Amino acid sequence: MTADRGSRGDTSLRIAVFVTTCAGIWALVAADLLPAGAGLTGGALLALAAGWASRVGSGTARKWASSGLLAVTVIAALSQGLGDLTNAGATLAILLVGLTVAHALVLESVRDLTVGLELGGAMVLVSAGLAPGMAIAAPLGVAWVSAISALVLAHDLHARRGTAAVLVAPAAPRTGGRVVRTVLAAVVVGLLVFLLVPRPPSLSDLAARSRFAGGAQGQDGPGATGRSAGAWSSGVLDMRVRGTLGDDPVLSVPGDSPGLWRGAVLDRYDGQRWSAPPGGARLLRGGPVRSVPPTVDDPAMPHETTRTDEVHPIGYYGTVVAPGRPVAVAAPVGLTVGGGRVGLASPGGYTVTSASPRTDPATLRRATGPDPSPGRWTDLPPALPGRVADLGRRLVDGAPTRYDAVRAIEEDLRARATYRLDSPVPGRGDDAVDVFLFRDRTGFCEQFAAAETVLLRAAGIPARLVTGFSGGARVDERRVIRDSDAHAWVEVWFPGVGWVPSDPTAGATLADESAGRFATAWTALGNLVADARARLLLAVGLVCLVCAGVAVGRFACRSRPGAGTIPAPGSTGAGRRGPLPAAFGRFETALAEAGAPRLPSEGLEGLAARIPAAAAPLAVVGRALYGATAPSPADSRAAADTLDRLSAALLAAAAERSVPSTTRP
């Protein structure tokens, strides 16, 4: 800074702001808004910019560099595009990091540092809105503590620079204790706010709505989110989306119906997303029962079994779900077919007739014949890492039948990975199946189903991913399916039989059965704070703990001999007992008269550092207030006399400066 750039207070403030902004960049990486490489680059540039700003006196070069960096940042941000909220989040992340580094080049004052602090806070807030699970917890905690520390230090610098020096230049007040107390209070208040204030839908939910429902209610219904049941039947599945599914009922189906209810078929994989077959939906005519004609994607096969089920949607519409390939649907609303699903034009119940192939092992082992002609059932993205394809071919090598090949891949996935809802999110540019198989080795049904589909395709076996529902709870003669029953599995083509379901998630080991204690505790904490009643109990416990700590601290202070309260700045000492408190009050008054009052945050040690002549008597004052044993009467009298002499000298110097000088003839 300009006045005293090298002072200790400036250095501490700069460090606190730097830590806050670095935590903001870290938070953007945790929220998957920046790749890890870009985050490291941004942190390194920030350190270089802050170091240059603290050493280069001339601001012209730094201003030109800052302007150039801003231009590059805007170009890089616009190159991301603004097609949906996810890209908008990445664009905002690039703008914030670039603006922070550019601003660090032109730091000149405490106000500039405060602006940098605000930029760091903005990065954390954006990340908190888009972060999956508890990934944001660590950078958020670091940023919160460092930001509070920076605010206290900035306040002290501002107060100190507004004081006048009389005896010596004002020394930096000892603010360490106050910073610690302020940070602890802020952490407690922050935890209470987190536990008590209801959390609104996150920005990631809004982004999911934009991707899956076009920003409107549409097929996903009101309130649909990234991992809601409606989104899973919409024809798009983003492997980066995380979040806990709700427990709201969505469907009522017959109690004796099969466990798997298919909603949408997805066949296109780009490394991070699955999507439905291309082509627009066409209207199904006729009624009241409308036939769903077989297609190349879902052909009619011999020896299929059919069944008819009455389905009652509960706050869910948009897609016909069925325990097999839909053959006919009776519904009072319009129906469409295409895009891997049968769509409902508006809410309402329906009766669906579905066909399912034979799935007994003997039939599947005997299945032989040609595969479907469209090559998309074995298509893989060009950028798929080679080790994924190699694994698929290696797992089925030597399998005598297609059935045994599918079983080999299922068993490998169950042995290789564990089931975990808050699994890590793939980075930008990472292949979701690759990181699941070889890096994270943990995930939920989406990751298991996607991995099996890709591995089967790598081995030349036609496969596709299916989303829908699994299970449900029996209620009388029917079964209620809830949002949390949304599921993803695989359909494998068996020649002469048809598309047969395969569920690699079934039988997978739960992650907390093999994870370390820290990971288990972290997951348990995330589940705990997700419950409103548990958060309320935690808040009450936190308040009780703080009150107990304050009470113990006050009792300990009162029980110490000679303990008391630090004399307030500007107090006169009236009403105090003994000569020493009165002398200290007169000394404070003299300091104020001389134009150098004791600062609100200035303790006895800071005052002694500023006025060395008063160090000895102030040490006696400290012993009287905080010492284990009180000073002797003689020491108290001697200290009081010294303070009075210093007070008289200060008042005399002040009076002499107030008398105008005269010139003798």
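The values are calculated or read from the model by the stated rules, or taken from the named source; none is laboratory data. A quick note: this is a predicted structure, and the numbers were derived from the prediction, not measured. Heads up, the Cβs are rebuilt from the backbone with ideal geometry, glycines too, and the neighbour counts pull from every protein chain shown.
With respect to the conditions (1) surrounded by 15 or more Cβ atoms within 10 Å (Cβ to Cβ); (2) in contact with a strand residue (DSSP E or B) (Cβ under 6 Å, 6 or more places away or on another chain); (3) among the acidic types (D, E), D297 falls short on a single one, namely (2). Considered as a group, the residues in segment 587-638 that are among the charged types (D, E, K, R) and part of a helix (DSSP H, G or I) include one that is surrounded by the most Cβ atoms within 10 Å (Cβ to Cβ), and that residue is R610.
Looking only at residues in segment 439-455 that are touching a residue at least 24 places away in the same chain (Cβ under 8 Å) and in contact with a Pro (Cβ under 8 Å, 6 or more places away or on another chain), which one is surrounded by the fewest Cβ atoms within 10 Å (Cβ to Cβ)? Give the steps one after another, and end with the answer.
Of all residues in segment 439-455, those touching a residue at least 24 places away in the same chain (Cβ under 8 Å) come to 441-455.
Checking which are in contact with a Pro (Cβ under 8 Å, 6 or more places away or on another chain) leaves us with 442, 448-449, 451-452.
Details: T442: 23, F448: 25, A449: 29, A451: 26, E452: 26.
Once the filter is applied, the top-ranked residue is T442.
Scanning segment 15-61 for residues that are polar (S, T, N, Q), at pLDDT 75 or above and surrounded by fewer than 21 Cβ atoms within 10 Å (Cβ to Cβ) gives a single hit, T41.
Mind listing whichever residues of segment 333-392 are of a type in the set (D, E, K, R), at pLDDT below 90 and part of a helix (DSSP H, G or I)? Before you say what the answer is, go through the steps one by one.
We begin by selecting, within segment 333-392, every residue of a type in the set (D, E, K, R); these are 341, 358, 360, 365-366, 371, 376, 379, 387, 390.
Retained after the next criterion (residues that are at pLDDT below 90): 341, 371, 376.
Correct list: R376 only.
Taken together, the residues in segment 322-333 that are within 41 Å of the chain's Cα centre (by Cα) and touching a residue at least 40 places away in the same chain (Cβ under 8 Å) amount to 4.
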